[in-house]
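I have placed the structure first, in the form of structure tokens, so that the comments after it can refer back to it.
The numbers here are math on the coordinates, done by the rules we state, and not lab data. Remember, it's a predicted structure, so these values are computed and weren't measured experimentally. FYI the Cβ positions are ideal-geometry reconstructions off the backbone, even for glycines, and counts take in every protein chain you see.
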Amino acid sequence: MQPFDPKRLILIHGLEGSSQGDKAVLLRGIFPGMLTPDFPGPLDERMRLLHSYLAEGEGWTLIGSSLGGLMAALFTTQFPQRVRKQILLAPALFLPEFADHLPEPVAVPTIVIHGKQDTVVPLAPTRALAEKVFLNLDFRVVDDDHRLFDTTQNLDWKKIVDL
């Protein structure tokens with residue numbers, strides 16, 4: 001795996017998230033200089049914007065939350081050679097853009113963190129889809145809800161990002 005470069009670290013927020021959300025503020029405090037852009041609009045518009053941010057080079061570490069997790073997964077399966085690692089927080093893999101057009105499996109190191117009390121993104125289908133597509137998968141079920149607020153506040157982010 002390529003060495004971690006904080007300038008190639010991006011948080012892809014969820015549907016109602018922003019660059020000023022809890023996760024973005026937390027992660028910028030740990031990794032100054034990381035990208036935490038806003039992703040407005042429908043999924044296709046968000047994906048175009050993501051592609052523009054990741055247009056240069058390889059070695060990207062993607063952190064995606066909910067819809068942002070879907071975006072990270074879609075990018076990683078399209079361009080696995082450009083992604084060093086991805087951390088998906090309750091990723092919306094059950095949506096048709098992923099689930100109905102299952103991508104070819106990739107070996108990019110992938111950590112999925114999913115809450116037992118998540119009522120937005122279903123746990124079982126997420127796990128099943130992730131296990132089919134991500135060959136180097138660490139799937140972690142935690143005692144939390146969809147926002148994963150407590151979990152994200154207490155993760156050892158430096159360790160998880162650099163693994």
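Give me P(r) over segment 41-163, computed from all C-alpha to C-alpha distances, binned every 10 Å, as integer percentages.
Calculated P(r), rounded to whole percents: 13, 48, 34, 4.
Which value, in debye to the nearest 20, gives the size of the charge dipole of the chain about its Cα centre, when Lys and Arg are +1 and Asp and Glu are -1 at the Cβ?
Roughly 380 debye for the chain.
Normalising by the residue count of the chain, find the relative contact order in percent from Cα pairs under 8 Å and 6+ residues apart.
Rounded, it is 20 percent for the chain.
Give a residue-ordered list of calculated ³J(HN,Hα) values for segment 131-140 (Karplus: 6.51 cos²θ - 1.76 cosθ + 1.60, θ = phi - 60°; whole Hz; x for Gly, Pro).
Result, ordered by residue: 5, 6, 9, 9, 6, 10, 10, 10, 9, 10 Hz.
Please list, in chain and number order, the residues 5+ apart from residue 12 or on another chain whose amide H is under 5 Å from its amide H, with Hs placed from the backbone.
63, 64, 65
Counting only DSSP beta bridges with both residues in the chain, what percent are antiparallel, rounded to the nearest 5?
0 percent
What aspartates and glutamates sit close enough to residue 132 to cross-link, taking a C-alpha to C-alpha distance under 14 Å and skipping anything fewer than 8 places away on the same chain?
The reachable aspartates and glutamates, counting only those whose Cα sits under 14 Å from residue 132, are 100, 104.
Starting from 0.36 nm per residue, how many nanometres of slack lie between residue 20 and residue 136 once their C-alpha separation is accounted for?
That pair, residue 20 and residue 136, stretches by 38.6 nm at full extension.
Order by neighbour count: 119, 152, 61, fewest other Cβ atoms within 10 Å first, most last.
Fewest-to-most Cβ neighbours within 10 Å comes out as 119, 152, 61.
Please arrange 160, 87, 113, 12 by counting, for each residue, the other beta carbons lying within 10 Å of its beta carbon, fewest first.
Fewest-to-most Cβ neighbours within 10 Å comes out as 160, 113, 87, 12.
Per residue of segment 57-63, in order, report the coupling 6.51 cos²θ - 1.76 cosθ + 1.60 (Karplus, θ = phi - 60°) as ³J(HN,Hα) in whole Hz, putting x for Gly and Pro.
Per residue, the Karplus-derived 3J(HN,Hα) values read x, 10, x, 6, 10, 9, 10 Hz.
So, counting K/R as plus one and D/E as minus one, what does the shell of residues with Cβ under 15 Å around residue 65 add up to?
Neighbour charge sum, excluding residue 65 itself: -2.
Determine, for 19, 65, the number of other Cβ atoms within 10 Å of each Cβ, and report the residues in order from fewest to most.
Starting with the residue having the fewest Cβ neighbours, the order is 19, 65.
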